[in-house]
Amino acid sequence: MYLSKLRLWNFRKYCDGDGNKPGVEVHFHEGLNVLIGENDSGKTAIIDAIRYVLRTQSGEYIQFDDKDFYQDEHGNRKDEFKIECVFDGLNEQDSGLFWEWLSWNEDKTRYLLKVWLYVKRKDNVILPKFSAGIEGQSERMDSEARDLLKVVYFKPLRDALTDMTHGYKSRLAQILGAHELFKTRKDEQGNNKKHKLETDYEDLKREIENFFKEGGNGEIITEEINNFLHTHFLLNGDPRHAQIKLTGGELSEILRLLDLIMEGNKSGLGSLNLLCIAAEMLLFNNQQKGLKLALVEELEAHLHPQYQLRLIDYISSQQKKEQFILTTHSITLASKIRLENLIVLKGNEVFPMSKEYTMMKPADYKFLERFLDATKSNLFFAKGLIMVEGDAENLLIPAIADIIDKPLNKYGVSIVNVGSTAYKRYVNIFKRRDNKSFGTVAVISDLDVRALEYYDDNSSDRKTPKYWLKDAVLAELKAVTEEVNYDSMASVFSSLSAFEKNVRANKTAGFGPIGETINRLKAVLTEEKKMPLNEDMLSIIRNEKVECIEHETNNEQIKIFLPKDWTLEYDIAGSGLFRLLAAAIRAANIEENGHEQEITDEILLDIWNKVKDDYPDGTSPTRKISYQIFAPLNEGTISKAITAQYLAGMIVGDLPPVKDNDVIKAEIKRIINTDEKLKYLKDAIEYATDHPNHIKKY
């Protein structure tokens, strides 16, 4: 059996929903479940709710307080809260153990076990009530059955040194005391049998006492103490005598004397934490029947990444036998756990990442599990996201955000560099079957429609004629058949096969014999109908591509932002920042091409003066100039990343010519705020930082 559903009413941050719906409903599955999210997203509230209802194997005392009751924005607290746990997957043994409290699932195909905790406040007294069974007919569950629902709880910020060291609060003693080996046994007469440790301890006590008694080696110690007492301290005639004894003797007292250590020297926090986790796993694996559920808060506490990965590998290998519910802030863990095991917490909502809840396809899961590294996994913690396709955007976007007074860190916005067009898979993480808003996502991509100048440099491609469905050509196609949604088709095709694919995708229900009709349509596009590529045709291709990409990507919280023409660098080359880009390219060329020359401020100023000679004040970036500047990046002779690094340094004023030059700095800010070529970058930053989903109070 496993915990399949948790529902909360008026518990902590989760108030009642409309129509007495729960404030939150969390769906779990068998095996590993990982709650992931930013601070105060509700991870601890969910873990605490489970252990409040089910209690823990270690017998921790749970005390409710006023802060467990939901408080509204006006400071008013509710006077009751309710927690419901639903268990599924009951086998024959489980059904027998909980027979009196079972109910059916909706299809009446299998048994469920439902339990509730109701807690009320009355006259400054908090009154909890536990029940189980069928809602409306629930009954009290006896203590023996309820004990079978206890969970193993791994506390957050574990004080492993204290927990594994002897003393009254020893966690090790609690764990050992709950182990089967230390459970109370009965003799044939029904009396409690002493544990072997207790009898051995009694023998040790006698030996120690005898050591200090008359005739023992320690007799001199006892005699000297008694001499002081009777000669100087006690009243004359007082018959009492001091003795040295080993106190205690019950099993619980013996267990509190034990330490768990790994080495003779004092271990570091990480090693102590591993000891603590290993001891907790001892308790967990000792469970023979009933629920096997471990709650682990902040698995990464005091552990370096390699230890974290070893632990999560172990837990993942055990998940078919037990259920684990973990919380984490660790991007290392988030990047290595299978996506379908994650439950992302945002605001007051929960977003399970398994296939029942997302729009991701099996291929998306496989791809993302291979490539979702620690850098990209921070998307689960951010309030807003900007997805980019390369290192250049990754370097430049924060610089531009700073200039327009939208520093990303201040707004909790992360940049995720997904590489190439992989954003199409990443955005599917945020598309939900229930249409819930996962967060604000701005995608910055390239349009990738080359400039006409590129084709002038590559004449074979430039002269390739295109089929352009306009005017007379479109009329001829409609004469063949009207049963095609021509308005939804592209206007320009580079081949007949691309045209056929588009026709098949846009044919209507009354379309005739498919092969024959398509051949008749293709026959319209004769060789003389082809046209050389021109600016008008490129403009149509761009517009149609923008429309198609936006339709595929955009929804209420995801929006894609595209350049006007081609790529990030090409559009910057066509903007008011064209001279800065030219200077950055020349600096990258010196650094990259083996000149073995340190790029000093003096060299950058020299580069800037040469750029100004080539493009004097008042020069506008024509298409020819833009392509000329951009060409080395497009041809791959200069690194885009290194170029972006220099350009970002110039934009924020860390490098010449902007360094210590307030005039240029002010001009850069004006350009970024007003230039149409850069507008899509500014819009993306503002969307990620100002969108209502982002600024909504959680």
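The values are calculated or read from the model by the stated rules, or taken from the named source; none is laboratory data. Computed from a prediction, not measured in an experiment: that's the story for all the values here. Here the Cβ positions follow ideal geometry from the backbone for every residue, glycine too, while neighbour counts run over all protein chains shown. The accessibility values were calculated without ligands, DNA or RNA, using every heavy atom of the protein model including side chains. Shrake-Rupley method; radii C 1.70, N 1.55, O 1.52, S 1.80 Å.
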## Note on the structure
For the stretch 622-630, Karplus-derived ³J(HN,Hα) couplings (6.51, -1.76, 1.60; θ = phi - 60°; whole Hz; x for glycine and proline) come out as 5, 4, 5, 5, 4, 5, 4, 5, 6
### Task
Give the residue from Y615, S4, G384 lying farthest towards the positive end of the charge dipole for the chain; charges sit on Cβ (+1 for Lys and Arg, -1 for Asp and Glu) and the dipole is referred to the Cα centre.
S4
### Summary
Ignoring ligands and nucleic acids, R586 exposes an accessible area, probe 1.4 Å, in Å² to the nearest 10, of 80
### Query
At a probe radius of 1.4 Å, what is the per-residue accessible area of H329, in Å² to the nearest 10?
70
### Query
Helix 269-285 sits at what angle to the longest principal axis of the chain, using alpha carbons and giving 0 to 90 degrees rounded to 10?
70
### Query
Ignoring ligands, DNA and RNA, what percent of the 1.4 Å accessible area of the chain is carbon and sulfur?
48
### Query
Accessible area per residue of the stretch 92-193 at 1.4 Å probe, in Å²?
64
### Query
Just the Cα atoms of the stretch 616-687, one point each, no solvent: what log10 I(q)/I(0) does Debye give at q = 0.16, 0.17 Å⁻¹?
-0.77, -0.87
### Query
Extent of the stretch 497-563 along each principal axis, from alpha carbon coordinates, in Å, largest to smallest?
44, 34, 15
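In what order, largest first, do Y201, Y411 sit by accessible area if the probe radius is 1.4 Å?
Largest accessible area first, the residues go Y411, Y201.
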#### Entry: Cα gyration tensor category, rounded, prolate or oblate, for the stretch 382-532 with a/c compared to 1.5
oblate
### Summary
Expressed as a whole-number percentage, the relative contact order of the chain with C-alpha contacts under 8 angstrom and at least six residues apart is 13
### Task
Return the ratio Rg/(2.2 N^0.38 Å) for the stretch 105-177, where Rg is computed over Cα atoms only.
1.63
### Message
Nearest 10 degrees is fine. How inclined is helix 219-228 to the longest principal axis of the chain, computing both from alpha carbons?
### Response
80
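Rounded, prolate or oblate: which fits the stretch 145-221, taking a ≥ b ≥ c as square roots of the Cα gyration tensor eigenvalues, rounded meaning a/c under 1.5, else prolate when a/b beats b/c?
Working: a/c = 5.34, a/b = 1.50, b/c = 3.56.
Judged from the Cα gyration tensor, the stretch 145-221 comes out oblate (a/c at least 1.5, b/c at or above a/b).
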### Query
Quick one: which of K289/K321; K183/K289; K150/K193; K108/K129; K610/K679 span more than 19 angstrom between C-alpha atoms?
K150/K193; K108/K129; K610/K679
### Message
Using protein chains only and a probe of 1.4 angstrom, how many square angstrom of I312 are accessible, to the nearest 10?
### Response
10
#### Entry: Cα centroid separation, the stretch 598-644 to the stretch 92-146 (Å)
72
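What is the packing order of peptides 538-547, 185-194, taking the mean over residues of other C-beta atoms within 10 Å and listing the highest first? Let's see the in-between values first.
Working: 538-547: 15.5, 185-194: 9.2.
Ranking the peptides 538-547, 185-194 by packing returns 538-547, 185-194.
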### Three-way shape call for the stretch 11-143 based on the alpha-carbon gyration tensor, with the a/c threshold at 1.5
prolate
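In Å², what does the accessible area per residue of the stretch 290-383 work out to with a 1.4 Å probe?
For the stretch 290-383, the per-residue accessible area is 42 Å².
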### Query
Under a plain spin-label model, where a point goes 7 Å from the Cα along Cα-to-Cβ, how far apart in nm are L282 and F371?
4.6
### Query
Per the helix-only calculation at 222 nm, which mean residue ellipticity applies to the chain, given -39500 (n - 2.57) for every DSSP H run of n ≥ 4 and division by its residues, nearest 500 deg cm²/dmol?
-12000 deg cm²/dmol
## Note on the structure
The summed charge of the A392 Cβ neighbourhood (under 11 Å; Lys/Arg +1, Asp/Glu -1) stands at -4
#### Entry: Ranked packing of 613-619, 347-353, most packed first, by mean Cβ within 10 Å
347-353, 613-619
### Probe 1.4 Å, all protein chains present, accessible-area order of M387, M262, largest first
M262, M387
### Message
Straight-line reach from K470: which lysines fall under 27 Å, measuring Cα to Cα and dropping same-chain residues less than 8 apart?
### Response
K478, K501, K507, K522, K529, K530, K545, K564
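Got a sec? What order do K669, K67 fall in by accessible area at 1.4 Å, biggest, i.e. largest, first?
Numbers: K669 80, K67 150 Å².
The residues order as K67, K669, largest area first.
Given charges of +1 on the Cβ of Lys and Arg and -1 on the Cβ of Asp and Glu, with all other atoms neutral, how large is the dipole of the chain about its Cα centre, in debye to the nearest 20? Walk me through the numbers on the way to the answer.
Numbers: 94 positive and 111 negative charges, 349 e Å.
The calculation lands at about 1680 debye.
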### Query
When averaged across all projection directions, what area in nm² does the alpha-carbon convex hull of the chain cover?
51.7
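All other residues with a Cβ under 12 Å from the Cβ of E550 taken together, and with Lys, Arg as +1 and Asp, Glu as -1, what is their net charge? Before the final figure, lay out the partial values.
Values: positive: K545, K559; negative: E544, E547, E552.
Local charge sum for E550: -1.
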### Query
How big is the gap, in Å, between the Cα center of the stretch 651-679 and the Cα center of the stretch 487-509?
45
